[in-house]
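The values are calculated or read from the model by the stated rules, or taken from the named source; none is laboratory data. These numbers come from a predicted model, not from an experiment. Cβ atoms come from the backbone with ideal geometry, glycine included; neighbour counts cover every protein chain shown.
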Amino acid sequence: MRRLIRATTHLACALLGLGAAALSEAQAQGSGSATMDAARARGQLLCGMAGNVPGFSLPDSQGVMRGLDADTCRAVTAAVLGDAAKVKLVPTTTQNRFTALQSGEVDMLSRSTTWTLGREGNLGLMFAWVNYYDGTGFLVKKSAGVKAAKEMDGATICVQPGTSTELAVADFFRLNNIKFTPILIQDLSEIQGAFLSGRCDAYSTDASALATFRFSQGPKAADLILLPDIISKEPLGVMVRKGDDKWFDVVRWTFGAMITAEEKGIDSKNVDTFLTSKDPEIRRLLGLEGDLGKALGLDPKFAYNVIKQVGNLAEVWDRNITPMGVPRGINNLWTKGGLQYAPPMR
Amino acid sequence: MGSLRDTMSTTTAPTLSRPSPPGLGPIAWARTNLFGSWVSTAVSLALLYIVARAVLGFAEWALVGAVWTVPYSATGIAQTAVCQTAHGACWAVIHDKYRLILFGRYPFAEQWRPAIVVLIFIALYTVSAIRWFWRKELALIWVAALTAVGVLMWGGVFGLKPVPNDEWGGLPITLILATFGIAFAFPLAVLVALGRRSTELPAVKTLCVVYVELIRGVPLISVLFMASVMFPLFMPAGVNIDKLLRAQIAIILFAAAYLAEVVRGGLQALPKGQTEAADAMGLSYWQKTSFIILPQALRLVIPPLVNTFIGFFKDTSLVLIIGLFDLLTMGKVALSDPPWQSFSTEVYVVLGLIYIAFCYAMSRYSRGLEQELNASQRR
């Protein structure tokens, strides 16, 4: 019932949005996106993130939110409002994240959330882009002598209950017809302690978190091995509400701009030197010619603002994820063997 | 022994109602109580050994083998290898993170403001505890202090930089939720307790019973979930009630239901003769309640009241599940930072000390208050 009401509301919003779009073409006013108009009127973009996930969103010792998700929020804010500092980072939990987006408490959700069919189909929400390709992995001790996940017959494995990891691990072992004993521990530091003390043979969660944990062990990191098997796909994405397609475009093409900038070697430090570039693709990207910004309802220089204030995808990665000891791997550009590929910006 | 004391208390001045038996110093006391027989000697020695081992072990961990600072890399990342190999505590984590734990994401340059807010709260508790201040002006002091808290935290006036409340965190959030929670819940609780005892207003009585039973029937977590997850869905699009306010109201409603039952316990313990005597004097309902009934009833329930207060002070840490960053949650956030992930013990010890300081002060004060108010009942 609730969903029906919501769907109807969205439909109504979408129709209103269409009406507004028609109006705006006549009057050349408004962006055609209710979310964007509201953010502009507010002078602030409301962006949901976690606030406690290292590398994605975590306050540093001075209380400034750092991480890939936080910088994603800043990039979209720079595109929409011209100033990345106008973002309001709203902490959300795994329980209230979708409600926060559905109810309009946030304009977008950048909270290391896995893109799945179920979520996109059921929640009235859609994924605009993937900012991190993750997957479930295994961390074992070197002394165990295990080289591949399939060698772990009869192993005890520490996982957090209620996570997609728990399901992925169970599926993997059933599929390969080998036995394992799960040890379910909710608390992160407790589960890590249990693994280090030898209560379980392996610790399984997202590979990014495993790499971070291994890195945090300092000199003892060499005793721990991240197995090469990645047993599930966990594309962590940025979500928006359904029914505001213009807004969806803005969020998606902010990533397009960051990826294209990396392809072209444009970063926050050298972006000004490209303002005199002859390359037509760069000139279109930076708003020197063409009307890409206008097509999105944004400032012509939106990509320039994103690159100047936040950086290209590689800079954001190096700033947030590299210090955690995670190699870029499949998160690299398509030209370097990764999956990040932006459609042409023309 | 009993007869001796009885004779003494009847024959000597009443101030000597509990004389210590003569000739008993600490050594003699220990000899009779700890080393009276060979069994108690053995038990005492074993316990002393365990205590000494624990104290020495803790001292070695916390002081002797402790690491106080760590070097930082050129990019500002803490090099915690020293701590990983040390066998003692790594207090460097506190040194690095104490401002994050205490004040959360509050802008770094403005953190003197939440610091003053914490001091205001402590001063407010102290002032409220001193008997000399128990007069009408105390309400004004509370209003002034809570206004000052709001002004300092939000800013935006007197040239203070505005700070939206989603950037608040740490100790101020814990104190705000607990103090405002109890300050608003207590009057509400008294009204609900009186309403539930009312015989002349059946509708009010039913309402109070339903409210109390409904709230007591669900855990605090579900009330908080209701406030943070369900409530926004019921509101029209675009209407957002602040998350902190929603949590605060949820805590007030929850605390009030429990306090109401405590207060009702006090009301029921009061002999009916008191009400009847007040009626005979021709006092109105409110005069009777505020001058005769409540002062006696509340005095009776000081221990359970304080028990509930302490419980709620600690329960505020449950707001972590709705994405508010109180003291305990900030400690956990600080521990998520990869270089510091393995030093949870140090952070939790410090957090524990902060909680103990507040809760122990409350329980000590309530003991003193109880003795003072029950002076007339002492024999």
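Brief remarks on what is shown
- Of everything listed in (1) part of a helix (DSSP H, G or I); (2) among the hydroxyl-bearing types (Ser, Thr, Tyr); (3) exposed (fewer than 14 other Cβ atoms within 10 Å of the Cβ), the single unmet condition for residue B:98 is (3).
- Cβ-Cβ contacts under 6 Å between residues 6 or more apart (or on different chains), taken from a first residue in the range B:284-312 that is under 17 Å from residue B:273 (Cβ atoms) to a second residue that is surrounded by fewer than 18 Cβ atoms within 10 Å (Cβ to Cβ) and at pLDDT 85 or above, are listed as B:292/B:274; B:296/B:270; B:297/B:270; B:300/B:269.
- Residue A:72 being at pLDDT 90 or above, β-branched (Val, Ile, Thr) and either in contact with a strand residue (DSSP E or B) (Cβ under 6 Å, 6 or more places away or on another chain) or not in a strand (DSSP E or B) (or both): yes
- Residue check, residue A:49 at pLDDT 90 or above, more than 11 Å from every other protein chain (Cβ to nearest Cβ) and either in contact with a helix residue (DSSP H, G or I) (Cβ under 9 Å, 6 or more places away or on another chain) or surrounded by 24 or more Cβ atoms within 10 Å (Cβ to Cβ) (or both): no
- For residue B:165: the one exception among (1) surrounded by 14 or more Cβ atoms within 10 Å (Cβ to Cβ); (2) of a type in the set (S, T, N, Q); (3) over 23 Å from residue B:119 (Cβ atoms): (3)
- Taking residues in the range A:127-148 that are more than 30 Å from residue A:69 (Cα to Cα), and partners anywhere that are of a type in the set (Asp, Glu), the pairs with Cβ atoms closer than 7 Å and at least 6 places apart or on different chains are A:141/A:223; A:142/A:223; A:144/A:201; A:148/A:229.
- Failed criterion for residue A:146 (all others in (1) surrounded by 14 or more Cβ atoms within 10 Å (Cβ to Cβ); (2) touching a helix residue (DSSP H, G or I) at 6+ places or on another chain (Cβ under 8 Å) hold): (2)
- Residue within the range B:208-216 that is in contact with a Ser or Thr (Cβ under 6 Å, 6 or more places away or on another chain) and hydroxyl-bearing (Ser, Thr, Tyr) present: no
- Under the condition of being more than 20 Å from residue A:126 (Cβ to Cβ) and among the β-branched types (Val, Ile, Thr), the residues counted in the range A:246-299 number 6.
- Residue in the range A:224-244 that is in a helix (DSSP H, G or I), surrounded by 23 or more Cβ atoms within 10 Å (Cβ to Cβ) and out of contact with any Lys or Arg (no Cβ under 7 Å at 6 or more places or on another chain) present: no
- Within the range B:328-355, considering residues that are at the interface with chain A (Cβ under 10 Å from one of its Cβ atoms) and of a type in the set (Phe, Trp, Tyr), the one farthest from residue A:209 (Cα to Cα): B:348
- Among (1) closer than 29 Å to residue B:332 by Cβ; (2) within 20 Å of the chain's Cα centre (by Cα) - the single one residue B:155 does not satisfy: (2)
- Single residue of A:250, A:238, A:159 found to be at pLDDT 90 or above and in contact with a Phe, Trp or Tyr (Cβ under 7 Å, 6 or more places away or on another chain): A:238
- Some residue of the range B:121-138 being crowded, with 18+ Cβ neighbours inside 10 Å and away from every other protein chain (no Cβ under 13 Å): yes
- Check on residue A:244, in the same structural domain as residue A:316 (by TED's automatic domain parsing), in contact (Cβ under 8 Å) with a residue 12 or more places away in the chain and under 22 Å from residue A:55 (Cα atoms): no
- Picking from residues in the range B:56-91 that are aliphatic (A, V, I, L, M), out of contact with any Phe, Trp or Tyr (no Cβ under 9 Å at 6 or more places or on another chain) and within 11 Å of another protein chain (Cβ to nearest Cβ), the one that is surrounded by the most Cβ atoms within 10 Å (Cβ to Cβ) is B:70.
- Among the conditions (1) part of a helix (DSSP H, G or I); (2) of a type in the set (A, V, I, L, M, F, W, C); (3) surrounded by fewer than 20 Cβ atoms within 10 Å (Cβ to Cβ), residue A:168 misses just one, which is (3).
- When residues of the range A:176-227 are limited to those that are aromatic (Phe, Trp, Tyr) and under 24 Å from residue A:133 (Cα atoms), the one modelled with the highest pLDDT: A:203
- For residue B:234: the one exception among (1) surrounded by 15 or more Cβ atoms within 10 Å (Cβ to Cβ); (2) free of Cβ contacts under 8 Å to residues at least 40 places away in the same chain; (3) within 14 Å of another protein chain (Cβ to nearest Cβ): (1)
One line per residue, one yes/no per condition, for (1) among the aliphatic types (A, V, I, L, M); (2) more than 13 Å from every other protein chain (Cβ to nearest Cβ); (3) within 29 Å of residue A:168 (Cα to Cα):
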site	(1), (2), (3)
A:70	yes, no, yes
A:80	yes, yes, no
A:88	no, no, no
A:99	no, no, yes
A:113	no, yes, yes
A:122	no, yes, yes
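- Meeting the requirement of 2 or more residues that are under 30 Å from residue A:48 (Cα atoms), the helices (runs of 4 or more DSSP H) wholly within the range B:267-326 are B:302-315.
- When residues of the range B:101-110 are limited to those that are within 9 Å of chain A (Cβ to nearest Cβ) and surrounded by 20 or more Cβ atoms within 10 Å (Cβ to Cβ), the one nearest to the chain's Cα centre (by Cα): B:103
- Test for residue B:325: is it within 21 Å of residue A:194 (Cα to Cα) and at the interface with chain A (Cβ under 10 Å from one of its Cβ atoms): no
- Elements of type strands (runs of 3 or more DSSP E) contained in the range A:97-147, each with 2 or more residues being at pLDDT 90 or above, within 30 Å of residue A:219 (Cα to Cα) and not aliphatic (A, V, I, L, M): A:125-134, A:136-141
- For the range B:17-29, taking the residues that are at pLDDT 80 or above and surrounded by 10 or more Cβ atoms within 10 Å (Cβ to Cβ), the one that is farthest from residue B:375 (Cα to Cα) is identified as B:28.
- A residue that is farther than 19 Å from residue A:84 by Cβ, in contact (Cβ under 8 Å) with a residue 24 or more places away in the chain and out of contact with any Asp or Glu (no Cβ under 9 Å at 6 or more places or on another chain) can be found somewhere in the range A:290-299.
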